Structure formats: structure tokens, C-alpha cells
Amino acid sequence: EAQVTQNPRYLITVTGKKLTVTCSQNMNHEYMSWYRQDPGLGLRQIYYSMNVEVTDKGDVPEGYKVSRKEKRNFPLILESPSPNQTSLYFCASKRGGSGNTIYFGEGSWLTVV
Amino acid sequence: AQSVTQLGSHVSVSEGALVLLRCNYSSSVPPYLFWYVQYPNQGLQLLLKYTTGATLVKGINGFEAEFKKSETSFHLTKPSAHMSDAAEYFCAVAVTTDKLIFGTGTRLQVFP
């Protein structure tokens, strides 16, 4: 089954404690991306990757890091989380090309206290 | 700059009534347009998309949308709402390989 899998699905953490949200896709997609969803703001892109070892900033990259060492994995790293990073996070992937469908993971609820 | 505007953050309809969710976009080049649906506690699922060709696009669950270039619109419709249609709906536009811009979403409520 074609899937984008993210973990953890739910996490409560404290300010400053580094955390990683993993993302893996089994569709051999070149493109992967992270979004955050906040009420009234829709989805905003954090980082994206066009292929292995190629990453770039989205609209709201501050406070986040990513890496793309393998085609299937695209982890999101919060080096020093702050309360304003409390949000619902989605990983997504697609084949290269503007018209191709983006497939989303089920989301990760992150609360920073 | 490209943008997407969804008119109405909340829409309420009765079961069996017409569903109309509005989306307007801004783009200097021909866009690719998408509608996604998000059910509670789930990720986003593609409803339908317009790339090229026929401007009336049919999607899953009886939804359809029409691309109107002159009005820069891509409104989503369904002739008869069902309780299971209650969800949040997002319109999105893609203008480059790396960028999908989302609207702020419309929450659809369906009353019996």
C-alpha cells in the first residue's frame, strides 16, 4: 500500500529539548516536504527536498532542520523547540512535476510546553 | 506572487442540499489546481485536480470543480450533501515543481 508514514503521531515535549519527527514514503518519490497546519492559517511549507541531498527552505523554516540522506526518508528536526512550534505537522511526497498529486502522512500533533 | 483565497471559513448545509465551496487563485502563469479534504484526525486526501484539458473536473465522492480562467476561480460543488461530507476542505495551487500553496481551509458542516 502506498504510504507516507510519520512518527510520532502525538508528542508533548518541553521547551529546548531536541526532537525529531520521522517521515518515510514507499512510493519512490523524488519530492518530499514538511508542512505545519495552524488554525486560520491553512498549511504552510517548512522545508522541501527535490531529491537526495537536495533540500530548501519553504515559507516558515525558522527553528527547523531537515536532511535527505535516503530517498525514502525526510526527518524534521527541532533543535530547541519553543511553544510557538506547537502545531500539527504533515509530511508529504510526490513524483517530480507540478501537476502530480501530493500524498500526505496522517500528521503529527506536537505540543511544546 | 501566487495565492489562494477560500471564501468562508465555515459553511453549513442541510443533508441533501447543494454544497458550494469557493476558491479563487492568483497566478501569473497557468496554474495546476487541487482540492484536498481532511477528515478529523486524518491527513489530507486528494479530491480532484485540474492540470490541463477539460475545465470541469470530477473527483471522488461525487464532488466536482470547474476551472474558470476569466474569473480565476476553482469552486468545489456537490449536488447533494451527505453527513459523511463533514470535513475541512483545502484549495491549493501549484505553479512550480516545488511549491503547493494552500488556502486557509473551509470547514463544512452537514446538518440532518
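Please count how many residues of segment A:33-66 are in contact (Cβ under 8 Å) with a residue 12 or more places away in the chain, more than 28 Å from B:S9 (Cα to Cα) and in contact with a strand residue (DSSP E or B) (Cβ under 7 Å, 6 or more places away or on another chain). Let's see the steps before the verdict.
Initial filter on segment A:33-66 (in contact (Cβ under 8 Å) with a residue 12 or more places away in the chain): A:33-38, A:43-55, A:58-61, A:63-66.
In the following step, the residues that additionally are more than 28 Å from B:S9 (Cα to Cα) were identified as A:49-55, A:63-66.
Right, trim to in contact with a strand residue (DSSP E or B) (Cβ under 7 Å, 6 or more places away or on another chain) and you get A:49-50, A:55, A:63-66.
Residues that pass the stated criteria total 7.
So which of B:T77, B:T97 ends up being at pLDDT 90 or above, surrounded by 13 or more Cβ atoms within 10 Å (Cβ to Cβ) and not hydrophobic (A, V, I, L, M, F, W, C)?
The match here is B:T77.
Of the residues B:E88, B:E66, only one is within 14 Å of the chain's Cα centre (by Cα), surrounded by fewer than 18 Cβ atoms within 10 Å (Cβ to Cβ) and part of a strand (DSSP E or B); which? Let's see the steps before the verdict.
Details: B:E88 fails: surrounded by fewer than 18 Cβ atoms within 10 Å (Cβ to Cβ).
Answer to the check: B:E66.
Residue-by-condition table, conditions (1) farther than 26 Å from A:S49 by Cβ; (2) β-branched (V, I, T); (3) touching a strand residue (DSSP E or B) at 6+ places or on another chain (Cβ under 8 Å):
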{"position": "B:V13", "(1), (2), (3)": "yes, yes, yes"}
{"position": "B:S27", "(1), (2), (3)": "no, no, yes"}
{"position": "B:K58", "(1), (2), (3)": "yes, no, yes"}
{"position": "B:F63", "(1), (2), (3)": "yes, no, yes"}
{"position": "B:K68", "(1), (2), (3)": "yes, no, yes"}
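Which condition number in (1) over 15 Å from the mean Cα position of the chain (by Cα); (2) closer than 25 Å to B:P40 by Cα is the one that A:A92 fails?
A:A92 satisfies all of (1) over 15 Å from the mean Cα position of the chain (by Cα); (2) closer than 25 Å to B:P40 by Cα except (1).
So which residues in segment B:34-45 are under 14 Å from B:A94 (Cα atoms) and within 10 Å of chain A (Cβ to nearest Cβ), if there are any at all? Walk me through how you get there before you give the answer.
Here is the first cut: in segment B:34-45, the residues under 14 Å from B:A94 (Cα atoms) are B:34-36.
Selection gives B:F34, B:Y36.
Within segment A:56-72, track down each residue that is away from every other protein chain (no Cβ under 12 Å) and either charged (D, E, K, R) or in a strand (DSSP E or B) (or both).
Taking segment A:56-72 as the starting set, the residues that turn out to be away from every other protein chain (no Cβ under 12 Å) are A:60-72.
Those that are away from every other protein chain (no Cβ under 12 Å) and either charged (D, E, K, R) or in a strand (DSSP E or B) (or both): A:E62, A:K65, A:V66, A:R68, A:K69, A:E70, A:K71, A:R72.
State yes or no: is B:G105 within 24 Å of A:E30 (Cα to Cα), buried (at least 16 other Cβ atoms within 10 Å of the Cβ) and among the small types (G, A, S)? Give the derivation first.
On the way: within 24 Å of A:E30 (Cα to Cα): no; buried (at least 16 other Cβ atoms within 10 Å of the Cβ): yes; among the small types (G, A, S): yes.
Against the criterion (within 24 Å of A:E30 (Cα to Cα), buried (at least 16 other Cβ atoms within 10 Å of the Cβ) and among the small types (G, A, S)), B:G105 does not qualify.
Out of segment A:73-113, which residues are of a type in the set (K, R) and surrounded by 17 or more Cβ atoms within 10 Å (Cβ to Cβ)?
Across segment A:73-113, the qualifying residue is only A:K94.
For segment B:10-22, which residues satisfy the criterion of being crowded, with 20+ Cβ neighbours inside 10 Å and over 28 Å from B:S70 (Cα atoms)? Working first, answer last.
Looking only at segment B:10-22, we keep the residues that are crowded, with 20+ Cβ neighbours inside 10 Å, and these are B:21.
None; the set is empty.
Might you check whether a residue that is assigned to a loop (DSSP other than H, G, I, E, B) and in contact with an Asp or Glu (Cβ under 9 Å, 6 or more places away or on another chain) occurs anywhere in segment A:45-55? Step through it out loud before you land on a result.
Our first condition is that a residue be assigned to a loop (DSSP other than H, G, I, E, B); within segment A:45-55, this holds for A:52-53.
Right, trim to in contact with an Asp or Glu (Cβ under 9 Å, 6 or more places away or on another chain) and you get A:52.
There is at least one residue in segment A:45-55 that is assigned to a loop (DSSP other than H, G, I, E, B) and in contact with an Asp or Glu (Cβ under 9 Å, 6 or more places away or on another chain).
Give the residue that is farthest from the other protein chains (Cβ to nearest Cβ), with candidates limited to residues of segment B:79-112 that are of a type in the set (D, E, K, R) and under 13 Å from B:V11 (Cα atoms). Break it down stepwise before answering.
Residues of segment B:79-112 of a type in the set (D, E, K, R): B:85, B:88, B:98-99, B:107.
Cutting the leftovers down to under 13 Å from B:V11 (Cα atoms) gives us B:85, B:88, B:107.
Details: B:D85: 19, B:E88: 9, B:R107: 10 Å.
This residue is B:D85.
Given the structure, is B:L44 within 26 Å of A:N51 (Cα to Cα), touching a residue at least 60 places away in the same chain (Cβ under 8 Å) and buried (at least 20 other Cβ atoms within 10 Å of the Cβ)? Write out each step before concluding.
On the way: within 26 Å of A:N51 (Cα to Cα): yes; touching a residue at least 60 places away in the same chain (Cβ under 8 Å): no; buried (at least 20 other Cβ atoms within 10 Å of the Cβ): yes.
Spelling it out, it is not the case that B:L44 is within 26 Å of A:N51 (Cα to Cα), touching a residue at least 60 places away in the same chain (Cβ under 8 Å) and buried (at least 20 other Cβ atoms within 10 Å of the Cβ).
Kindly provide the set of residues from segment B:23-34 that are crowded, with 17+ Cβ neighbours inside 10 Å and either in a strand (DSSP E or B) or free of Cβ contacts under 8 Å to residues at least 12 places away in the same chain (or both), ordered by number. Break it down into steps so the answer makes sense when it comes.
Taking segment B:23-34 first, the residues crowded, with 17+ Cβ neighbours inside 10 Å are B:23-25, B:27, B:31-34.
Within segment B:23-34, B:C23, B:N24, B:Y25, B:Y32, B:L33, B:F34 meet the criteria.
The values are calculated or read from the model by the stated rules, or taken from the named source; none is laboratory data. These figures come from a predicted structure and were not determined experimentally. Note: ideal-geometry Cβ built from the backbone for every residue, glycine included; neighbour counts use all protein chains shown.
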